[in-house]
Every structure is written in structure tokens, then in C-alpha cells.
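Chemist: Right, I'll just put the structure down here and ask away after.
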Amino acid sequence: MTYPERFSNLPAYAWPRLRALLDAHDPGGEPVNMTIGEPQHAFPSFVPEVLAASVQEFSKYPTNEGSPQLLAAICGWLTGRYSVDVTPDRVMALNGTREGLYNAAMALAPETKNGQKPVVLLPNPFYQVYAIAALSVNAEPVMVPATAETGHLPDYASLSSDILDRTTICYICSPANPQGAVADAAYWAQLIALAEKHDFKIFADECYSEIYRDTPPMGALEAVADTGCDPERVVVFHSLSKRSNLPGLRSGFVASGPRNIKEIRQLRAYAGAPLPMPLQRVSERVWSDESHVIENRRLYQEKFDAADAIFAGVNSYSSPEAGFFLWLPVEDSEAAALKLWKDKGVRVLPGAYLSRPDPSGDPGSGYIRVALVAPKEETQRGLERIRDCLYT
Ligand SMILES: Cc1ncc(COP(=O)(O)O)c(C=O)c1O
């Protein structure tokens, strides 16, 4: 039997790699898990009630693009959050952003660019679905370092015109997982100008947009409004997983210009898995409520304050602008993760599991990613042990 060549060189996903690294060893203390970015704060208390009231709708096939009420709630949220006017024909409901980041590439990536094999740009380190999407549309994934030297965001403008002229899509994650860096107005303006010059689309993964410290991160849709660029240039992805602590709901949306959204809807009419109606009803309510988001942010802020205090004497520590991860410099990411587990019972993710080596080195191998998702006391305990084990 034959299998596709294009997926044959994929490394094992991060979690099996982590288990292979750590599980042969006993933890050196009561285990504290700081690996997965799965929120543990409470989701809004009204969710069960809304779900119960709409449970009969499991008997119906759901609408493909999202119910009019859900689309209206999403447009209302976008207007409140970013002061942009977005009509329902410019949004579509998703089963969380991961599948959307993948399937939007299926719908929008052309087969060739200027008669050549297309390129998809992604940051390195990166959320892994970007690379698989690139391979699935038969594009060459080009990974661009997002390191301390580049402000932890990829410097796409540094690429050669040869690459940029073959680019069809570039992924950008702001706030970034894992580094917590945020693209500002100047970054967006430069990226949009580059995309216009070389005619590619920007896929903006903004699923951490609501987990910030003081200043709400600028969104790609604001950048579109500010620069006056064609709304089809930018495709934006949002999620309830982090904003509202509902990763299991699998609910998000994509927003762009009407033509892109029409293309995405068309493909999904054939091959999509629409969000079940009761989950659409829940999502509609959740996008319409901000009080739980404010409380969620406060809980993260407490933990970032604790992290800042715990690492106060550590020169290499810097507090991320947004998101819920620490991206801590270490000499070797796997060795540090193993030491933490064996000496202290703390489980963290080696940065190298989120990156790929390139000729100038591996931009993830000098970091560990630490998720601040557990309750405050547990998080604090884990952070103190990390400091004592790796930084004193
Ligand atoms: C950067 C990034 N993008 C997208 C996702 C997917 O989120 P979801 O599919 O739950 O919306 C995650 C989840 O961890 C993520 O970290």
C-alpha cells in the first residue's frame, strides 16, 4: 500500500515526544503539570443552562456557516473589541481555530504562484497545524525564526523576493504561542505592505487576543481598517477556547473579506463539519458576554504577577506581553525539561518540540514553555521549583 510522501517526514507530535522523554523516570516531587495550554479557570456559569435549553436542536443538522444569531453575536463582539464594522457575510463559525487554520488554507491556497511551486510562510517556533496545512496544499513551508533578535515575531520582510513572490499564505500568531509577543501597528503595517507587494494572504491566528496584561493587543482587522488595505488580504481566526475557558466546546470563527468567506463556506458546504446547533447557541451567548473574560484576565494577571516576583532576580527572565505561557531561556530545552521532572516533578514542554532546526540553529531548543493555566497556588509552586532547579 502507498501513503502520501508529503507527510512522511513529520516528527512525532509534541505530547508523545514528551512522554517518551519523561515517563521512564520517576518525578522528583509531587507532580505539577505545566505543559498543555488547556485553560483550567471556570467557564461562564450560564453555559449549562443555555445548552440544556437548546439540547433538542441536536436533532437538526446545523447551519454550515453559523446561525444568523451566532454570526450577529460575533460581528457585535468584533465591533466592541476592535471598533470595526464587520457584516455577517464576512464571518463563519468554526469548530475551534485549529481546524479553521487548516481548512481555510484548503479553500484559499492556489495550486501554483507565478507558475511555480507555492510557499507558505510560518513563524518558527509555531503552532504545528500551520506546517501541516502548508504540506496539505502542496506548498513549500518556509519557517522564519521568531527569536529574541526579531522581537519574537517573524521578520518576513527579510526574506528574498524569490521566496516572497512564491508566497501564497503567511501565518502570523499574535499574541504569539509560545513567546507571548504581540504585533503592534508598525509590524502589521509592514506585513500588510509586504503582502500587497508580493500578493499573498495573511492568516492571523489571534486565539490568545483576550489574554493580555494591560493593553488589548491590536487585531489584524484593525490593521486592515488603519491601512485601508483590501479586506481579502487578511484572514483572522478567533476562538472561545482561551477567551472563555471552553477548549472542549470547539468553537471559533474566521473573519475576512466576503469573497474569501464565500470560498471557505463553499468548500465547507461539501466537506465541513458544522458546529452543532446547541453549541452554536452557547457560543452566541458566550461571545455576547465580557464579564467572564475580564475575570479570566484578572486570574491570569495574578499568576503573571506571581511569576514576575518569583523570577525577579533572574536576568534572562522577561514577562510576556500576552498569552498564558512563559517562554524561559535555558541551555538545552530537552535537558532542562528532563531535569525539572527528575529533580522537582515539574512537567514543562521543551521549546524544541514547537520548532524545527534551520541553518542558523533551532529557535526553540534554548527555551522551555511553561503554561500558567493551573490554579494560582499550584502555578506558584511549580514556578518556585523551576526557579530553584534551573536559575539558582
Ligand atoms: C496558537 C494557537 N492557535 C490555535 C489553537 C487552537 O485553538 P482552538 O482550536 O481550541 O481554537 C491553539 C491552541 O492551543 C494555539 O495555541
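Chemist: Using a simple charge model, +1 on the beta-carbon of Lys and Arg, -1 on the beta-carbon of Asp and Glu, nothing else, what dipole does region 47-289 show about its Cα centre, in debye to the nearest 20? Don't skip to the answer; put the middle values down first.
Modeler: Details: 20 positive and 26 negative charges, 129 e Å.
Result for region 47-289 is approximately 620 debye, rounded to the nearest 20.
Chemist: Report Rg (one decimal) and Dmax (nearest whole number) for region 47-289, counting Cα atoms only, units Å.
Modeler: According to the Cα coordinates of region 47-289, Rg and Dmax are 17.4, 56 Å.
Chemist: Below 11 angstrom from the Cβ of Glu321, what's the summed charge of the other residues (Lys, Arg +1; Asp, Glu -1)? Don't skip to the end; give the middle numbers.
Modeler: Details: positive: Arg213; negative: Asp184, Asp214.
For residues surrounding Glu321, the net value is -1.
Chemist: Please report the relative contact order for region 178-266, taking Cα pairs under 8 Å with a sequence separation of at least 6, and give it as a percent rounded to a whole number.
Modeler: 26 percent.
Chemist: Roll a 1.4 angstrom probe over the protein heavy atoms and tell me the percent of accessible area of region 47-289 that is carbon or sulfur. The partial results should precede the final answer.
Modeler: On the way: 4790 of 9160 Å².
That share works out to 52 percent.
Chemist: Based on the Kirkwood radius over alpha-carbon pairs, what value in µm²/s does the Stokes-Einstein equation return for the translational diffusion coefficient of region 319-392 at 25 °C and 0.890 mPa s?
Modeler: Numbers: Rh = 12.7 Å.
D, rounded to a whole number, is 194 µm²/s.
Chemist: Where nothing but the Cβ of Lys and Arg (+1) and of Asp and Glu (-1) is charged, how large is the charge dipole of region 1-120 around its Cα centre, in debye to the nearest 20? Intermediate results must be reported in sequence, preceding the final value.
Modeler: On the way: 9 positive and 12 negative charges, 90 e Å.
Roughly 440 debye for region 1-120.
Chemist: If packing is taken as the average number of other Cβ atoms within 10 Å across a peptide's residues, how do 242-255, 327-340 rank, most packed first?
Modeler: On the way: 242-255: 22.9, 327-340: 19.5.
Those peptides, ordered most packed to least, come out 242-255, 327-340.
Chemist: Considering only protein heavy atoms, what per residue accessible area in square angstrom results for the chain with a 1.4 angstrom probe?
Modeler: Numbers: 16610 Å² over 392 residues.
Per-residue value: 42 Å².
Chemist: Tally Lys and Arg at +1 and Asp and Glu at -1 over the other residues with C-beta under 14 Å from the C-beta of His152: what net charge comes out? Kindly include the intermediate steps, with their values, before the conclusion.
Modeler: On the way: positive: Arg369; negative: Glu149, Asp155, Asp184, Glu321.
Result for the neighbourhood of His152: -3.
Chemist: Identify, among Gln56, Pro16, Ser136, the residue whose Cα sits farthest towards the positive end of the charge dipole of the chain, taking +1 on the Cβ of Lys and Arg and -1 on the Cβ of Asp and Glu, with the dipole about the Cα centre.
Modeler: So the residue we want is Gln56.
Chemist: Let me ask another. Leaving out same-chain residues fewer than 8 places away, which lysines sit with a Cα under 27 Å from that of Lys197?
Modeler: Lys113, Lys117, Lys262
Chemist: Solvent-accessible area of Met106, probe 1.4 Å, all protein chains present, reported in Å² to the nearest ten, please.
Modeler: Number for this one is 70 Å².
The values are calculated or read from the model by the stated rules, or taken from the named source; none is laboratory data. For clarity, every value in this text was computed on a predicted model and none was experimentally measured. A quick note on method: Cβ atoms are made from the backbone with ideal geometry, for glycine too, and the neighbour counts reach across all protein chains shown. Just so you know, the surface numbers come from the protein's heavy atoms only, side chains and all, with ligands and any DNA or RNA stripped out. Shrake-Rupley method; radii C 1.70, N 1.55, O 1.52, S 1.80 Å.
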